[in-house]
Amino acid sequence: MGLGATTVKHVLLLLNFVFSVLGLALIAFGIFFLISAAENAVSIGKNVAGGLIIALGVVILIIAIFGCLAAIHEAPVRLLIYVGAVVLLILAQLIFLGMSSHGTKDGISGSINEGFDRLWESERNQTGALSYYESWLQCCGVNSSEDYWIIHHGIPSSCCPESKCMDTPSRVFKTGCKAAFVKYLDDKLLVFKIVCWLLVIGEAVGAVFGWLLYSSVKNQSRRNNAVWM
């Protein structure tokens, strides 16, 4: 093999080593998400996000290790499988990024709607179901404080700073808890989104180098067969 092919092989090994590290980082970040949800009694949306991040990290790690082995052994079939797997991985990440960027419409945040609907149903039957979120996120009701007027409930003290409303409407938190939680979750996922976009770019480069190495190995094989003939 020529110097060009050797360089391609080394670059591909380096890229997959970086992918392995980032895959492990995503797994650790997803585990942190799940632990954070358990410690803060927050399961709405975060468990879904944490599980998806861990799954993505595992897939990236497996593909990266497979890519390293394919490059080391210069196996054409493995290299072709690696390129195909990376292309599918890029598409999956783009879909995941789209899901996590659609607000409350679908994807990860779809579970937020369902979770807050359940909480509000509990609030209608027993006051205090939303108090944890209202105090933590400084919000009131699911959509706004008007939710309580609709069901003829008084504004709870958790809707005000230091739990002291003092019969002053201006002290009531204006933001609904669903919107506040979506913003909180989006802020948490910002780092993940940046890493994910960097991975997409890096994986696209890795797919190109994988294809180049595959082509080089196939061409070398043809030349060797021609010499023997």
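The values are calculated or read from the model by the stated rules, or taken from the named source; none is laboratory data. Small disclaimer: the values here were computed from a predicted structure and weren't measured. So basically every Cβ, Gly included, is an ideal-geometry build from the backbone, and we count neighbours across all protein chains shown.
Going residue by residue through the stretch 168-175, is there one that turns out to be aromatic (F, W, Y), in contact with a helix residue (DSSP H, G or I) (Cβ under 8 Å, 6 or more places away or on another chain) and modelled with pLDDT of 90 or more? Taking every residue of the stretch 168-175 in turn, at least one turns out to be aromatic (F, W, Y), in contact with a helix residue (DSSP H, G or I) (Cβ under 8 Å, 6 or more places away or on another chain) and modelled with pLDDT of 90 or more.
A quick yes/no check of all residues on (1) of a type in the set (A, V, I, L, M); (2) at pLDDT below 90:
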position: I27; (1), (2): yes, no
position: I35; (1), (2): yes, yes
position: E39; (1), (2): no, yes
position: I65; (1), (2): yes, no
position: V87; (1), (2): yes, no
position: M99; (1), (2): yes, yes
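Within the stretch 176-215, being among the acidic types (D, E) and out of contact with any helix residue (DSSP H, G or I) (no Cβ under 6 Å at 6 or more places or on another chain) holds for D186, D187. Under the condition of being more than 38 Å from the chain's Cα centre (by Cα) and farther than 17 Å from E121 by Cβ, the residues counted in the stretch 144-164 number 1.
Of the numbered criteria (1) at pLDDT below 85; (2) closer than 28 Å to H73 by Cα; (3) surrounded by 13 or more Cβ atoms within 10 Å (Cβ to Cβ), the one F19 fails is (1).
Matching residues to (1) acidic (D, E); (2) in a loop (DSSP other than H, G, I, E, B); (3) over 18 Å from V48 (Cβ atoms); (4) at pLDDT below 90:
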| position | (1), (2), (3), (4) |
| --- | --- |
| S109 | no, no, no, yes |
| G128 | no, yes, yes, yes |
| G141 | no, yes, yes, no |
| W149 | no, no, yes, yes |
| E162 | yes, no, yes, yes |
